[in-house]
Amino acid sequence: SIYAAFFGSSVLLPLVLQTQYGYTATWAGLVVAPVGIAPILGSRFVGRNYHRVDPRLLITTSFCVTALVMFWRSHASTDWGLWNLLEPQLLLGVGVMIMFTPLTAVMLSTLDPHRSASALGVSSFMRLTASGFGASIFTSFWQSREAVHHTRLAEAITAFDPARSGTFAMLSAHGLTSSQAYGAVNATVTNQASVMAANDVFWMAALAIVAVTSIIWLARPPFFHFMQAAVVSE
């Protein structure tokens, strides 16, 4: 689930930025890019020193950080600026930095050395599979929840709502026809519904990560016989 959540969010976030926040592909990429800062700066240090701490604790910390980022993103709004979007990505990079090496070491801890290469191959395959599922699930759920939110928001706009009357009066005063005014309101509703749907997706991802975090503690030490293989794999 952690790979699905990480890759799924990496796919969904640029889509939301480009379709709902008006970002270009370049700027959407710049928002996503800071996730790599912490791994670039700190992965070598983690690889050399992770054996000083129980790998399960590092993995749990990484999962909790990732879940925290997902919960953080689930409170996004159309008013968020560039820095509001960058902050979660910077924190997510910390979670990524401390996850992969300990996770690989735990995975290899019960295997004979000659089986390590095969295990790493299976692990890479599972990562790619989970990433593909994550991207599909995130985007599908986003579209589904967008329709739900759009319907609920549209239902709240009635002829007896003072906000509705004031909005249409303002749009008419700016020279918009009735159909143009309805189109402008519908565009706003769609924008809000899309962001709310993305929030739902990130919230569900956070819950899924929290739910599987305890599984890592089913692994039993020792974990350090394959430290060298774990570092090389990263």
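The values are calculated or read from the model by the stated rules, or taken from the named source; none is laboratory data. In this text the structure is predicted, and so the values were computed from the model without any measurement. Cβ sites come from the backbone with ideal geometry, for glycine too, and all protein chains shown count toward neighbours. We work out accessible area using only protein heavy atoms, side chains counted, and drop any ligands, DNA or RNA first. Shrake-Rupley method; radii C 1.70, N 1.55, O 1.52, S 1.80 Å.
Going through region 160-191 one residue at a time, which ones are touching a helix residue (DSSP H, G or I) at 6+ places or on another chain (Cβ under 6 Å) and either touching a residue at least 60 places away in the same chain (Cβ under 8 Å) or open to solvent by 70 Å² or more (accessible area, probe 1.4 Å) (or both)?
Listed by number, the list holds a single entry, 191.
Select, from 109, 144, 124, the only residue that is at pLDDT below 80, surrounded by fewer than 14 Cβ atoms within 10 Å (Cβ to Cβ) and among the hydroxyl-bearing types (Ser, Thr, Tyr).
124
Given the options 131, 116, 124, name the one that is assigned to a helix (DSSP H, G or I) and within 16 Å of the chain's Cα centre (by Cα).
131
Tell me yes or no: at least one residue of region 65-72 is under 23 Å from residue 205 (Cα atoms) and either modelled with pLDDT under 90 or among the hydroxyl-bearing types (Ser, Thr, Tyr) (or both).
yes
Exactly one of (1) surrounded by fewer than 17 Cβ atoms within 10 Å (Cβ to Cβ); (2) of a type outside the set (Phe, Trp, Tyr); (3) touching a residue at least 60 places away in the same chain (Cβ under 8 Å) is unmet by residue 114. Its number?
(3)
Return yes or no: is residue 95 open to solvent by 20 Å² or more (accessible area, probe 1.4 Å) and modelled with pLDDT of 80 or more?
No, not satisfied.
Please determine whether any residue of region 192-203 is exposed (fewer than 14 other Cβ atoms within 10 Å of the Cβ), at negative phi and in contact with a Lys or Arg (Cβ under 8 Å, 6 or more places away or on another chain).
No; the residues of region 192-203 include none that is exposed (fewer than 14 other Cβ atoms within 10 Å of the Cβ), at negative phi and in contact with a Lys or Arg (Cβ under 8 Å, 6 or more places away or on another chain).
Of all residues in region 33-56, which are of a type in the set (A, V, I, L, M), more than 28 Å from residue 17 (Cα to Cα) and surrounded by 14 or more Cβ atoms within 10 Å (Cβ to Cβ)?
Of everything in region 33-56, just one residue is of a type in the set (A, V, I, L, M), more than 28 Å from residue 17 (Cα to Cα) and surrounded by 14 or more Cβ atoms within 10 Å (Cβ to Cβ), namely 46.
I need the full set of residues from region 144-159 which are acidic (Asp, Glu) and touching a residue at least 24 places away in the same chain (Cβ under 8 Å), in order please.
146
Please note which helices (runs of 4 or more DSSP H) are completely contained in region 2-103 and include at least 1 residues that are under 12 Å from the mean Cα position of the chain (by Cα), more than 20 Å from residue 211 (Cβ to Cβ) and in contact (Cβ under 8 Å) with a residue 12 or more places away in the chain.
Because the criterion is at least 1 residues that are under 12 Å from the mean Cα position of the chain (by Cα), more than 20 Å from residue 211 (Cβ to Cβ) and in contact (Cβ under 8 Å) with a residue 12 or more places away in the chain, the helices (runs of 4 or more DSSP H) in region 2-103 that meet it are 2-20, 25-32, 82-97.
Check 211, 197 and return the single one that is in contact with a His (Cβ under 8 Å, 6 or more places away or on another chain) and under 23 Å from residue 64 (Cα atoms).
Criteria check complete, one pass: 197.
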